[in-house]
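The values are calculated or read from the model by the stated rules, or taken from the named source; none is laboratory data. Note that the structure is predicted; figures quoted are calculated from it, not measured. Don't worry about glycine lacking a Cβ; one is built from the backbone with ideal geometry, like all the others, and counts go over all protein chains shown. The protein model used for the area step is the full one, side chains on, heavy atoms only, and it has no ligands, DNA or RNA in it. Shrake-Rupley method; radii C 1.70, N 1.55, O 1.52, S 1.80 Å.
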Amino acid sequence: MSLFKNKWFSKLTGKDKQEQAEREQTEKDAAELAAKEQAEREQAEKDAAELAAKEQAEREQTEKDAAELAAKEQAEREQTEKDAAELAAKEQAEREQTEKDAAELAAKEQAEREQTEKDAAELAAKEQAEREQTEKDAAELAAKEQAEREQTEKDAAELAAKEQAEREQTEKDAAELAAKEQAEREQTEKDAAELAAKEQAEREQAEKDAAELAAKEQAEREQTEKDAAELAAKEQAEKDASQEAVKEEAEDYVFKSWFARLGAGLSKTSSIIGSGIAKALTS
């Protein structure tokens, strides 16, 4: 009976040690899982910090590009104002030259009129004696005046044509300047649109990276929860198996104890009956 009890106690002690070892292994696994989760959280924080640094660098580059674009536009505006000022100075000089030419032409015509009047006075003084010469001179003078008028009209026409050509050249220069400014504005708008598209693409890439990082963290959390659930299920199964084994051993012990007590009671009863029979036969 003692041997049976010792064997049963040894089996229980062995089960306890096995359960202790399994609990220690479970705690070790839980500690390793916690360390793994800590390392993953630190890596996620590091990735987030690197992403923030990258976004900061991109924002700074964007601000730098915008500053350079503003400086370029300022330089172009200053160049446009300089060109306009030079064009205005050129037009002013041309107007002054035109006025000077007109004044010289008027002075020339005035001198010619004065000379004509002088010739007419001399012609009147010599009228009788020099009529024929006067008529000849008058004819020559008329021809000369006609030629001078024609030359004057020719000069005036050339001056008008020159002024017209200068106005057309001025209008052409103004049109070319306007076209240049339009092209520069369009190029500036194109550069701004490309910069905006680049920033949009960078924002979308940053959002995509953040979404992938969040998905990765979610998958890791789900895997961690799955591992923890499997570990808990494993511990529960081991606990249930241990309790079932202990229950079976306890039932086996109770049955054997009851059977042993029953055998001892039957043996004692048989002795009493045998003793009673022997006493009856003796008497």
### Query
Name the pairs: first residue in region 37-53 and under 16 Å from residue 211 (Cα atoms), second residue assigned to a helix (DSSP H, G or I) and open to solvent by 50 Å² or more (accessible area, probe 1.4 Å), Cβ to Cβ under 6 Å, at least 6 apart or on different chains?
44/217
### Task
Identify, from the list 107, 49, the residue that is at pLDDT 90 or above and either loosely packed, with under 14 Cβ neighbours inside 10 Å or assigned to a helix (DSSP H, G or I) (or both).
107
### Query
Does residue 73 satisfy the criteria of being under 27 Å from the mean Cα position of the chain (by Cα), in a helix (DSSP H, G or I) and on the phi < 0 side of the Ramachandran plot?
yes
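Results for (1) open to solvent by less than 50 Å² (accessible area, probe 1.4 Å); (2) under 30 Å from residue 78 (Cα atoms); (3) out of contact with any helix residue (DSSP H, G or I) (no Cβ under 7 Å at 6 or more places or on another chain); (4) in a helix (DSSP H, G or I), shown as yes or no for each residue.
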{"position": "150", "(1), (2), (3), (4)": "no, no, yes, yes"}
{"position": "184", "(1), (2), (3), (4)": "yes, yes, no, yes"}
{"position": "206", "(1), (2), (3), (4)": "yes, no, no, yes"}
{"position": "216", "(1), (2), (3), (4)": "no, no, yes, yes"}
{"position": "242", "(1), (2), (3), (4)": "yes, no, no, yes"}
{"position": "248", "(1), (2), (3), (4)": "no, no, yes, yes"}
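The rows are residues; the columns are (1) over 16 Å from residue 228 (Cα atoms); (2) among the acidic types (Asp, Glu); (3) surrounded by 10 or more Cβ atoms within 10 Å (Cβ to Cβ); (4) at pLDDT 85 or above.
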| position | (1), (2), (3), (4) |
| --- | --- |
| 5 | yes, no, yes, no |
| 9 | yes, no, yes, no |
| 20 | yes, no, yes, yes |
| 33 | no, no, yes, yes |
| 39 | yes, no, yes, yes |
### Residues that are more than 15 Å from residue 232 (Cβ to Cβ) and basic (Lys, Arg), drawn from region 15-27
15, 17
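Going by the conditions given, is residue 137 touching a helix residue (DSSP H, G or I) at 6+ places or on another chain (Cβ under 7 Å), of a type in the set (Asp, Glu), closer than 29 Å to residue 84 by Cβ and assigned to a helix (DSSP H, G or I)?
Working: touching a helix residue (DSSP H, G or I) at 6+ places or on another chain (Cβ under 7 Å): yes; of a type in the set (Asp, Glu): yes; closer than 29 Å to residue 84 by Cβ: no; assigned to a helix (DSSP H, G or I): yes.
For residue 137, the condition - touching a helix residue (DSSP H, G or I) at 6+ places or on another chain (Cβ under 7 Å), of a type in the set (Asp, Glu), closer than 29 Å to residue 84 by Cβ and assigned to a helix (DSSP H, G or I) - is not met.
Give me the residue from region 186-204 that is more than 28 Å from residue 47 (Cα to Cα) and open to solvent by 50 Å² or more (accessible area, probe 1.4 Å) and, out of that set, farthest from the chain's Cα centre (by Cα).
My answer is 186.
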### Task
Would you mind finding the one in 160, 129, 165 that is open to solvent by 80 Å² or more (accessible area, probe 1.4 Å) and either on the phi < 0 side of the Ramachandran plot or among the aromatic types (Phe, Trp, Tyr) (or both)?
129
